[in-house]
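For reference, the structure discussed in these notes is given below.
The values are calculated or read from the model by the stated rules, or taken from the named source; none is laboratory data. Source: prediction; values computed, not measured. Note that each Cβ is placed from the backbone with ideal geometry, even for glycine, and that neighbours are counted across all protein chains shown.
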Amino acid sequence: MVNNLYLPSMSERTIENLQLDGGCPVFDFTNTLNTRATSPAFDYLKSYHDILSWSDRARILSLERLRVLSQYAAAHPEQRDVAFLKAIRVRETLYPMFSAIAHLKTPDKEIIDGFNTILSECLGRIQLKISQDVATPGFINAALLDEPLCVIMKSAYDILTNENFRRLKECPRCGWLFVDRTKNGKRRWCDMKVCGSRSKATRYYHKKKDEAE
């Protein structure tokens, strides 16, 4: 064996035990496919209900909003299924765009155009509730099934406009994206205890194997 780390089987992988190592909602969302570096991949999102469960896990929506969206989704199955497929399609636009940036490359124009189309749609739905001491963002339409996606796209916008691109990285082992907020900016792995340890164990195994030959 290469190492003795416990690796959960696909049947044991759930949204509840999904690691949130991205450092921001948009990366935690793209990281719902495990892994992107090898196949077969395991997708944590198989239905709109999973998107709501992930939204709860990532704490991007309140319990009240989650209940409203869940009830609306149950009453409108066709809209629910369209919203789910749209979210997955956007996820697969976000990943190659940020992957290119993580490797200090310019994303393909087609990817950027697709991103800007959905960004314009989502940001056009933002509204603020303003009190004397705080402004709270929300989205137009009380039961908007795209609401989780809108929050994710707002996160993508914030990362792209406020973060140093050299801090946006992709784990070389699993392909997960993350924001490197370490002081020296030298974080390499999505999680040192997981991918870092596995990579170290793999190198050790091959070193010992070579020495034995």
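Some observations on this one:
- Matching entry among ALA73, ALA87 (being in contact with a Lys or Arg (Cβ under 9 Å, 6 or more places away or on another chain) and either surrounded by fewer than 17 Cβ atoms within 10 Å (Cβ to Cβ) or modelled with pLDDT of 95 or more (or both)): ALA73
Residue-wise test of (1) under 18 Å from the mean Cα position of the chain (by Cα); (2) among the basic types (Lys, Arg); (3) in a loop (DSSP other than H, G, I, E, B); (4) at negative phi.
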position: ILE111; (1), (2), (3), (4): yes, no, no, yes
position: LEU119; (1), (2), (3), (4): yes, no, no, yes
position: ASP133; (1), (2), (3), (4): no, no, yes, yes
position: GLY138; (1), (2), (3), (4): no, no, no, yes
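- Only a single item in (1) part of a helix (DSSP H, G or I); (2) modelled with pLDDT of 95 or more; (3) not polar (S, T, N, Q) is not met by GLY23, and it is number (1).
- Some residue of the stretch 60-83 being in a helix (DSSP H, G or I), polar (S, T, N, Q) and within 26 Å of ASP180 (Cα to Cα): no
- Exactly one residue among LYS105, LYS169 is in a strand (DSSP E or B), out of contact with any Pro (no Cβ under 7 Å at 6 or more places or on another chain) and charged (D, E, K, R), and that residue is LYS169.
- Single residue of the stretch 141-166 satisfying the filter (assigned to a loop (DSSP other than H, G, I, E, B) and among the hydrophobic types (A, V, I, L, M, F, W, C)) that is nearest to VAL82 (Cα to Cα): LEU145
- In the stretch 53-68, the residues that are under 17 Å from GLY138 (Cβ atoms) reach residues that are part of a loop (DSSP other than H, G, I, E, B) and of a type outside the set (S, T, N, Q) with C-beta atoms within less than 6 angstrom, at least six apart or across chains, in these pairs: SER55/LEU61; VAL68/ALA143.
- Residue-level check: of (1) over 17 Å from the mean Cα position of the chain (by Cα); (2) aliphatic (A, V, I, L, M); (3) at pLDDT below 95, ALA37 misses just (1).
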